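The values are calculated or read from the model by the stated rules, or taken from the named source; none is laboratory data. Predicted model, so just to flag it, every value in this text is computed and none were measured. Note that we place each Cβ from the backbone using ideal geometry, even for glycine, and neighbour counts take in every protein chain shown.
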Amino acid sequence: MIRVIIMDDEPLALINMEKKLKEFNSIEVIKSFTTAKDLLAEGPSLDFQVAFLDVEMPGMNGLEIARLLKEWNKNVYIVFVTAYRDYAVQAFEIHSLDYLLKPISKARLETTINRIQELLHLEKNSTPTLIRNKPALTIQCFGGFVVLHDDKAVHWRTVKTKELFSFLFSNLNSLVPRDSIIDALWSETEYKKARVQLHTTVSYLRTTLSALGYLEVIQHANGCYILQLEDFQCDAHDLEHILNRKMETGKLDIETAEALIQNYQGEYMATLDYPWITSKANFMNNQFTLLLHDLVEHYTAINDVKKREHILLLTIEHNPYSDKTIQQLIKHYIDVDNRANAVKIYNNFKRTLIADLGILPEHETTELFNAISVEL
């Protein structure tokens, strides 16, 4: 049974709401209130999971009551019931589960109750994150943006829900001003409409993440949003961790780096056509290039010519216009006495530069090639 309290300053509206809820066998209305005074007196001693609150009430309105209930129990679900649309934005900022407009149909109320049942079921049956051997949430950023939960693709309610998650995830654990999000995702939309769309999308995203067992991970304060996630695996975060550890210790975690390289699918969020991605993508692609260069140095130091060649070829694939990498690859082929491949790689590189950029290889690259050609 879902334990529910109701609050409405109009007695007839309260009776009507209680009657509607009691039509559902899964609902137990444990208490109804018409005044904030009564709620403050009895509320803290009640065991309830959901609060249906009218918004327009004298004294403390529904929004203020909701904030109070969240202080008592951050996991309580809030459903606002009102005849007015004007409070939708504020309602979503308080992490409300739903916003019902009077008069409420049974079908619309059933949708809300089904969502509550689903969330409570997941809470009851979820495995505590501390005892998981493998994170349930996997996020692949290189080559696209794929989010899996228990190896199944996450379903996003709207396209914007996915984009908002990718934007907040790109700024993980950082406060992002509301207007910065609007500029990034709704730049072509009139501001007032964009703000409503943002709060609607935030609500959808919270519901999606809550259904996966990630509760209260999106916070709103002082006009900013912040996404705080734990217990997940992400290739982009693995990359940053590897490079940060190398800076701290001076040593490269070869095993983790090789695993990351093996699963590499392409450039950062390459399949997404979001204007805001460019700066972050450039940074992450440069970070990946740094890791490749570190691996080349490592394999050169231990004289593993096979792995060095593999990483150099991957580096060229990642950045086909790099004279430095071509020079390294030519020298590699000289070292392994394969000058034919050195000539081939140079000619391919030259054709690519001319076709794509209208330029020739650097002088040092050409001189290296000429030296090989004389020997041949």
Residue pairs within 8 Å by beta carbon, gap of at least six or interchain, first lying in segment 11-25 and in the same structural domain as Gly62 (by TED's automatic domain parsing), second crowded, with 16+ Cβ neighbours inside 10 Å and among the acidic types (Asp, Glu), listed first then second, are Ala13/Asp54; Leu14/Asp8; Met17/Asp8
When residues of segment 310-355 are limited to those that are of a type in the set (D, E, K, R) and free of Cβ contacts under 8 Å to residues at least 24 places away in the same chain, the one nearest to Asn285 (Cα to Cα): Glu317
State all residues of segment 310-327 that are buried (at least 20 other Cβ atoms within 10 Å of the Cβ) and of a type outside the set (Val, Ile, Thr); if no residue qualifies, say none. Leu312
Out of (1) buried (at least 16 other Cβ atoms within 10 Å of the Cβ); (2) touching a Cys at 6+ places or on another chain (Cβ under 8 Å); (3) without any contact (Cβ under 8 Å) to a residue 60 or more places away in the chain, the odd one out for Thr201 is which? (2)
Going through segment 206-234 in order, the residues found to be of a type outside the set (Ser, Thr, Tyr) and in a helix (DSSP H, G or I) are Arg206, Leu209, Ala211
Please work out if Phe283 is without any contact (Cβ under 8 Å) to a residue 60 or more places away in the chain and among the aromatic types (Phe, Trp, Tyr). yes
Looking only at segment 168-186, filter to residues that are without any contact (Cβ under 8 Å) to a residue 40 or more places away in the chain and either charged (D, E, K, R) or not in a helix (DSSP H, G or I) (or both); which one of those is surrounded by the most Cβ atoms within 10 Å (Cβ to Cβ)? Trp186
Would you be able to say whether some residue in segment 6-25 is polar (S, T, N, Q), closer than 21 Å to Leu119 by Cβ and within 35 Å of the chain's Cα centre (by Cα)? no
Output yes when any residue across segment 320-339 is within 23 Å of Gln265 (Cα to Cα) and β-branched (Val, Ile, Thr), and no when none is. yes
Filter segment 271-318 down to the residues that are acidic (Asp, Glu) and assigned to a helix (DSSP H, G or I) and list them by number. Asp294, Glu297, Glu309, Glu317
Phe48 - would you say it is closer than 16 Å to Ala66 by Cβ and more than 38 Å from the chain's Cα centre (by Cα)? no
From the options Asp337, Asp304, residue that is on the phi > 0 side of the Ramachandran plot and surrounded by fewer than 16 Cβ atoms within 10 Å (Cβ to Cβ): Asp337
Filter segment 242-274 for residues that are surrounded by 17 or more Cβ atoms within 10 Å (Cβ to Cβ) and touching a His at 6+ places or on another chain (Cβ under 7 Å) and give the result. Leu252
Residues that are assigned to a helix (DSSP H, G or I), crowded, with 19+ Cβ neighbours inside 10 Å and either modelled with pLDDT of 85 or more or in the same structural domain as Lys193 (by TED's automatic domain parsing) (or both): does segment 83-105 have at least one? no
